[in-house]
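Visitor: Please find one structure pasted underneath; my questions will follow.
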Amino acid sequence: MSVEPRILPELREVYSQFPGFELEKNLEWSRSLVSAASVEGSEHVNTTRRKIPRDGGEMLVKIYEPAGRTNDLLPAMLWIHGGGYVLGHPDMDDELCERFVQTAECIVVSVDYRLAPEHPYPAAIEDCYAGLVWMTEEAALLGIDVDRVAIAGASGGGGLTAALALMARDKGGPSLIFQMPLYPMLDNRNITPSSHEITEAGAIWKRTDNIAAWNMYLGEESDVRGESTYAVPSRAENLAGLPPAYTCIGQLDLFRDETMEYVARLAQAGVDVEFHLYPGCFHLFEIFAPETEVSQRAVQGYMDAMARALHPS
């Protein structure tokens, strides 16, 4: 069944123009579809690039902070870009990270984690954890209040956000005040009803894309790696003790059902969670059609949620 007739009218044009990823046939071409366009940075945000240590080498991080900031410690957020574990780069989220800085009055650290299939699990989550450890250990240098640290990411980055919250809990730190796994990629099994709904060739993240991306991420040891909660967060049996969460998703998103199930299980485990479902919206709708009313509402929703979490009354 085609989902296009169910898409909100203001989103249909951008949806129809997307050519669709072809992860199995042409990974590099698919990667080019999400390459960052050059944009002028905000005069209200300073951005720096650094190399930090990770297991076996170094990793790029981008640090965003308010221009003209005082010496007061600020809350901080680790941002994890999307791309199904196989696509993307921190540069593509510059505007988004700048907006978090200004809306939530915080420092944002965005990590350039290693991508599959060149670097299958656990490379990406280990890099994200290394970034989180680094920003908290260097809190004095960065001017970060370690009592107000959050993590956030979208799509594949949302899956890594959920996994990182589990890993930080299980390792006993760093301490997190909030997690924001936006429309997250959580489950490699592809057995939910929504995982069967998005199949059209031009869809933004369809079933064949998801299967291919999980195969690349889990690699040759997929059966073993797929059992790990840090690879596949939906496999986690115990969600108690995780930080409060916020997430949202479009109703026409392949990840709809796995997200809703995870949200329900967080609530059942006693974790405070806020969830928004946007009818007529597809995967990444607010990124592909940022000027529409529903996109602006969605983005402002998660910006405000981060601000509330990092500045508790």
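The values are calculated or read from the model by the stated rules, or taken from the named source; none is laboratory data. Computed from a predicted model, the values in this text were never measured in an experiment. Please note: Cβ atoms are built from the backbone with ideal geometry, for glycine as well, and neighbour counts cover all protein chains shown. Areas reflect the complete protein model, heavy atoms only, side chains present, ligands, DNA and RNA absent. Shrake-Rupley method; radii C 1.70, N 1.55, O 1.52, S 1.80 Å.
For (1) open to solvent by less than 10 Å² (accessible area, probe 1.4 Å); (2) more than 21 Å from GLY84 (Cβ to Cβ); (3) in contact (Cβ under 8 Å) with a residue 60 or more places away in the chain, each residue gets a yes or a no:
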residue: ASP257; (1), (2), (3): no, no, yes
residue: ARG265; (1), (2), (3): no, yes, no
residue: PHE288; (1), (2), (3): no, no, yes
residue: THR292; (1), (2), (3): no, yes, yes
residue: TYR302; (1), (2), (3): yes, no, yes
residue: ALA307; (1), (2), (3): no, yes, yes
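Visitor: Let me ask something else. Could you grab me the full set of residues in the stretch 41-55 that are closer than 19 Å to LEU96 by Cβ and not small (Gly, Ala, Ser)? Write out each step before concluding.
Guide: Keep residues of the stretch 41-55 that are closer than 19 Å to LEU96 by Cβ, which gives 41-49.
Answer for the stretch 41-55, where residues must be closer than 19 Å to LEU96 by Cβ and not small (Gly, Ala, Ser): GLU43, HIS44, VAL45, ASN46, THR47, THR48, ARG49.
Visitor: Here is a follow-up. Considering every residue within the stretch 50-65, establish whether at least one is acidic (Asp, Glu), more than 22 Å from GLY83 (Cβ to Cβ) and either touching a residue at least 40 places away in the same chain (Cβ under 8 Å) or open to solvent by less than 60 Å² (accessible area, probe 1.4 Å) (or both). Talk me through it step by step, then tell me what you get.
Guide: The initial filter retains those residues of the stretch 50-65 that are acidic (Asp, Glu), namely 55, 58, 65.
Those left that are additionally more than 22 Å from GLY83 (Cβ to Cβ): 65.
This time we only want the ones that are either touching a residue at least 40 places away in the same chain (Cβ under 8 Å) or open to solvent by less than 60 Å² (accessible area, probe 1.4 Å) (or both), so: 65.
Yes, the stretch 50-65 has at least one match.
Visitor: Applying the selection to the stretch 220-256, what residues are within 30 Å of HIS311 (Cα to Cα) and in a helix (DSSP H, G or I)?
Guide: PRO233, SER234, ARG256
Visitor: Of all residues in the stretch 200-243, count the ones that are among the hydroxyl-bearing types (Ser, Thr, Tyr) and open to solvent by less than 30 Å² (accessible area, probe 1.4 Å). Give the steps one after another, and end with the answer.
Guide: Within the stretch 200-243, the subset among the hydroxyl-bearing types (Ser, Thr, Tyr) is 208, 217, 222, 228-230, 234.
Filter once more, keeping what is open to solvent by less than 30 Å² (accessible area, probe 1.4 Å): 217, 228, 234.
Adding up the residues that qualify gives 3.
Visitor: Select from the stretch 261-300 the residues that are among the polar types (S, T, N, Q) and in contact with a helix residue (DSSP H, G or I) (Cβ under 6 Å, 6 or more places away or on another chain) and write down the one among them that is nearest to ASP93 (Cα to Cα). Steps first, please.
Guide: Taking the stretch 261-300 first, the residues among the polar types (S, T, N, Q) are 268, 292, 295-296, 300.
Filter once more, keeping what is in contact with a helix residue (DSSP H, G or I) (Cβ under 6 Å, 6 or more places away or on another chain): 292, 295.
Details: THR292: 19, SER295: 16 Å.
My answer is SER295.
Visitor: Mind checking which residues of the stretch 150-194 are surrounded by 20 or more Cβ atoms within 10 Å (Cβ to Cβ), in a helix (DSSP H, G or I) and among the hydroxyl-bearing types (Ser, Thr, Tyr)?
Guide: Across the stretch 150-194, the qualifying residue is only THR161.
Visitor: Consider GLU286 against the criteria (1) within 18 Å of the chain's Cα centre (by Cα); (2) of a type in the set (D, E, K, R); (3) closer than 21 Å to SER234 by Cα: it satisfies all of them except one. Which criterion is unmet?
Guide: That leaves (3) as the condition not met.
Visitor: Follow-up. From the list GLN251, GLN268, which one is farther than 21 Å from ASP209 by Cβ and of a type in the set (S, T, N, Q)?
Guide: Residue meeting the stated conditions: GLN268.
Visitor: I would also like to ask the following. Just to verify a result, which residue in the stretch 76-125, among those that are among the hydroxyl-bearing types (Ser, Thr, Tyr) and part of a loop (DSSP other than H, G, I, E, B), is nearest to ASN210 (Cα to Cα)? Steps first, please.
Guide: As a first pass, look at the stretch 76-125 and keep what is among the hydroxyl-bearing types (Ser, Thr, Tyr): 85, 103, 110, 113, 121.
Then keep just the ones that are part of a loop (DSSP other than H, G, I, E, B); that gives 85, 113, 121.
On the way: TYR85: 10, TYR113: 19, TYR121: 16 Å.
Going through the qualifying residues, I end up with TYR85.
Visitor: Something else now. Which of the residues spanning the stretch 175-189 are farther than 28 Å from GLU13 by Cα and in contact with a Leu (Cβ under 9 Å, 6 or more places away or on another chain)?
Guide: Just the residues of the stretch 175-189 that are farther than 28 Å from GLU13 by Cα, to begin with: 175-180, 186-189.
Once the filter is applied, which keeps residues that are farther than 28 Å from GLU13 by Cα and in contact with a Leu (Cβ under 9 Å, 6 or more places away or on another chain), the stretch 175-189 yields LEU176, ILE177, PHE178, GLN179, ASN188.
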